[in-house]
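Every number in this text was worked out from the coordinates using simple rules, so none of it is lab data. As the structure is a computational prediction, the values presented were derived from the model and not from experiment. Neighbour counts run over all protein chains shown; Cβ positions are idealised from the backbone, glycine included.
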Amino acid sequence: MTTSTPHLPGAPIVASGAGLAADATTTRPAERDMAAPRGISIALQDVSKVYPNGRRALSDVDLVVPDGDFVFIVGPSGAGKSTLIKLLIRDELPTSGTVLVAGRDVSRLPRREVPRLRRQVGIVFQDYKLLPYKSVRDNVAFALEVTGTPGRRIGPAVERVLALVGLTAEADQLPSQLSGGEQQRTAIARALVHEPRVVIADEPTGNLDPLISWEIIQLLLRINELGTTVLMATHNAEVVTALRRRVVALEDGRVVRDGIGGYHREY
């Protein structure tokens with residue numbers, strides 16, 4: 001398991017370890033006992049999810065992800081990877097068990113505080129989900145605009161993350177003018193612009209050729225080195241095996257492996 005990497009001087013992306021301490025002092029007393037231990041980005045305890053149609057997507061899942069970890073989530077289609085991600089960003093709620101993200105119990109989180117949680121969790125999708133009529137710069141800025149970030153802060157924040165992902169020269173281009181790799185870099189910049197504590201990448205290389213896929217993986221590793229916790233769901237056994245990072249394998253909604261190294265089954 002990796003450990004939290006010290007923040008590099010001047011680096012734009014941080015894992016807000018101080019954020020847990022801040023939560024502990026700003027949340028209401030009744031909420032303080034829900035916080036995860038300091039240094040833990042994600043904690044699931046005895047989590048199960050059963051959908052209204054009776055389908056059981058997750059069963060008794062336990063998972064702890066320390067700040068600064070890099071974790072691959074692997075498993076065949078239908079194993080529960082997508083449901084796990086939906087729980088972490090509060091698109092779904094668990095049927096039973098506890099899901100703590102960035103120190104907050106997502107099941108008990110008041111609806112008005114969900115946007116605050118999601119600012120601490122950046123999400124990167126396989127199909128990019130960019131706004132087609134906005135430039136690279138405006139796609140990234142939009143993530144700040146919708147949360148009411150003061151205008152004077154938006155420009156500098158956008159330029160920092162565009163430099164980090166290597167898209168300063170493409171800032172004024174539309175998504176249709178970009179390669180697939182550049183579109184995914186834009187999506188990563190958008191996920192990072194809030195300086196989230198955790199980045200969740202859901203099959204981020206699924207639509208890319210092998211060479212570009214490795215470039216995206218290297219970018220995610222760089223982000224992790226700067227201190228941000230990264231969870232990456234993937235079917236790419238070659239990447240998982242080559243990098244020898246922590247691997248959490250799901251099958252039939254259960255964790256069947258949690259350890260370092262490759263995963264031999266092709267997904």
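Quick look at the numbers
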{"item": "Using distinct alpha-carbon pairs, which all enter the 1/r mean, Kirkwood radius of the range 130-195 in Å", "result": "11.4 Å"}
{"item": "The range 130-195 - percent relative contact order, Cα under 8 Å, separation 6 or more", "result": "49 percent"}
{"item": "J(HN,Hα) series, the range 165-174, from Karplus relation 6.51 cos²θ - 1.76 cosθ + 1.60, nearest Hz, glycine and proline x", "result": "8, x, 10, 4, 6, 9, 4, 9, 7, 7"}
{"item": "Relative contact order (percent, whole number), the range 168-248, Cα cutoff 8 Å, 6+ residue spacing", "result": "32 percent"}
{"item": "Integer Hz, Karplus 6.51/-1.76/1.60 couplings in order for the range 49-56, x for Gly and Pro", "result": "9, 10, 7, x, 7, x, 6, 8"}
{"item": "Two-site label geometry, LEU174 and GLU159: point separation in nm, points 7 Å out along Cα→Cβ", "result": "2.6 nm"}
{"item": "Listed peptides 254-261, 182-189, 65-72, 54-61 by packing density, highest first (mean Cβ within 10 Å)", "result": "182-189, 65-72, 54-61, 254-261"}
{"item": "Environment charge at ILE212 (Cβ cut-off 11 Å; Lys +1, Arg +1, Asp -1, Glu -1)", "result": "-2"}
{"item": "ARG254 long-range amide H proximity, modeled H, under 5 Å", "result": "SER59"}
{"item": "Rounded to whole Hz, the Karplus (6.51, -1.76, 1.60) HN-Hα couplings of the range 82-99, x for glycine and proline", "result": "5, 5, 4, 5, 4, 5, 5, 9, 6, 6, 9, 10, x, 6, 8, x, 10, 10"}
{"item": "Over 21 Å (Cα to Cα) - which of LYS86/LYS129; LYS86/LYS134; LYS81/LYS134 fall in this group", "result": "LYS86/LYS134; LYS81/LYS134"}
{"item": "Sequence ranges 238-246, 148-156, 198-206, ranked by mean other-Cβ count within 10 angstrom, highest first", "result": "198-206, 238-246, 148-156"}
{"item": "Peptides ranked, highest mean first, by Cβ atoms within 10 Å: ranges 163-173, 77-87", "result": "77-87, 163-173"}
{"item": "For ILE40, residues with placed amide H under 5 Å, excluding near neighbours", "result": "ASP67"}
